[in-house]
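Following: one structure in structure tokens, then a few remarks.
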Amino acid sequence: MAIGSSCHDNKDDGSRGFMCVATVIGDTTHGYYYYLDGGGLVVSHDQNLVEAERGYFSFYYNEDDWESSTSGEIFINNAHVVTWSKYDIIHPINKEEANDANIAENCQLPSLLSVGYGYRGYFDLHAGFSTFNSITGEIIQGKITLVYDPLEQTQDSLKLQLYYDPNIPEDWSKTLVDYRTVSCDISSLANLQQWKDSVTIIVKSGDKEKHRTKISKNDFLKPDKH
């Protein structure tokens, strides 16, 4: 006896989904606009979204949700969004501010630092920026500061010094390193220099590794609000 099945029983209902890092602007009234790293725009009108400036998200939509704006931009409208990870935002400070705040005290090298691509006013840092208390299960976030010296900058290089204070309470006896991603808002540095079309961001942390990424001059700017 031959037993068979037909693949024609599985009909495509048009539903789609993907995950991506994105920069977010908007609100529940006018909609949230998710500008995807690498290009692309998704609009959502979900009322229960986690307030986020940047993070890692899941996007669910139907094929007929694709629309075209008056300027000809193709985007996904009315998507359902799930926030997987909301990134904390840090802002670079100049060397004078850093000296006044004594931010170098109690600092150490973060574990396994890596630098992500720059896009739309931000670039990402991933490392052991938190500490897990093995006894209580608590997690405490360290203090991350990026410092720039205006006199060190060149037209094709943005140089930043990273300071990391783990901020571990004295009574925590058993701990583990906890890894997370933070985003650095570099939009305030758009006019710091007459940047070339391509800029290398160099993050110095005190180790021997070269932590760097590329960003375009235009990507110093955040997306425009709709």
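The values are calculated or read from the model by the stated rules, or taken from the named source; none is laboratory data. No experiment lies behind these values; they were computed from the predicted model shown. No Cβ is skipped: glycine too gets one built from the backbone with ideal geometry, and neighbour counts run over all protein chains shown. Protein only, heavy atoms only, side chains kept; ligands, DNA and RNA dropped before computing areas. Shrake-Rupley method; radii C 1.70, N 1.55, O 1.52, S 1.80 Å.
Remark: Asp100 falls outside the filter, which requires a residue to be outside any loop (DSSP other than H, G, I, E, B), in contact (Cβ under 8 Å) with a residue 40 or more places away in the chain, out of contact with any Asp or Glu (no Cβ under 6 Å at 6 or more places or on another chain) and not basic (Lys, Arg).
Of the residues making up region 40-93, those that are part of a loop (DSSP other than H, G, I, E, B), touching a helix residue (DSSP H, G or I) at 6+ places or on another chain (Cβ under 9 Å) and more than 26 Å from Lys143 (Cβ to Cβ) number 3. The criterion of at least 2 residues that are β-branched (Val, Ile, Thr) and touching a strand residue (DSSP E or B) at 6+ places or on another chain (Cβ under 8 Å) is met by the following strands (runs of 3 or more DSSP E) wholly inside region 122-226: 139-141, 143-148, 175-185, 198-204, 211-216.
Kindly indicate whether any position in region 46-56 is within 30 Å of Leu125 (Cα to Cα), open to solvent by less than 80 Å² (accessible area, probe 1.4 Å) and in contact with a His (Cβ under 7 Å, 6 or more places away or on another chain). Yes, because at least one residue in region 46-56 is within 30 Å of Leu125 (Cα to Cα), open to solvent by less than 80 Å² (accessible area, probe 1.4 Å) and in contact with a His (Cβ under 7 Å, 6 or more places away or on another chain). In summary, Pro166 fulfils each of the numbered conditions (1) buried (at least 16 other Cβ atoms within 10 Å of the Cβ); (2) within 20 Å of the chain's Cα centre (by Cα) with the single exception of condition (2).
Among Leu151, Leu192, which is the only one that is among the hydrophobic types (A, V, I, L, M, F, W, C) and free of Cβ contacts under 8 Å to residues at least 12 places away in the same chain?
Answer to the selection: Leu151.
For region 130-153, the set of residues classified as over 23 Å from Lys222 (Cβ atoms) and open to solvent by less than 50 Å² (accessible area, probe 1.4 Å) consists of Ser130, Thr131, Asn133, Gly137, Ile140, Gly142, Asp149, listed by residue number. Just checking, which of Ala79, Ala98 is buried (at least 19 other Cβ atoms within 10 Å of the Cβ), over 18 Å from the mean Cα position of the chain (by Cα) and under 26 Å from Trp195 (Cα atoms)? Going through Ala79, Ala98 in turn, the sole match is Ala98.
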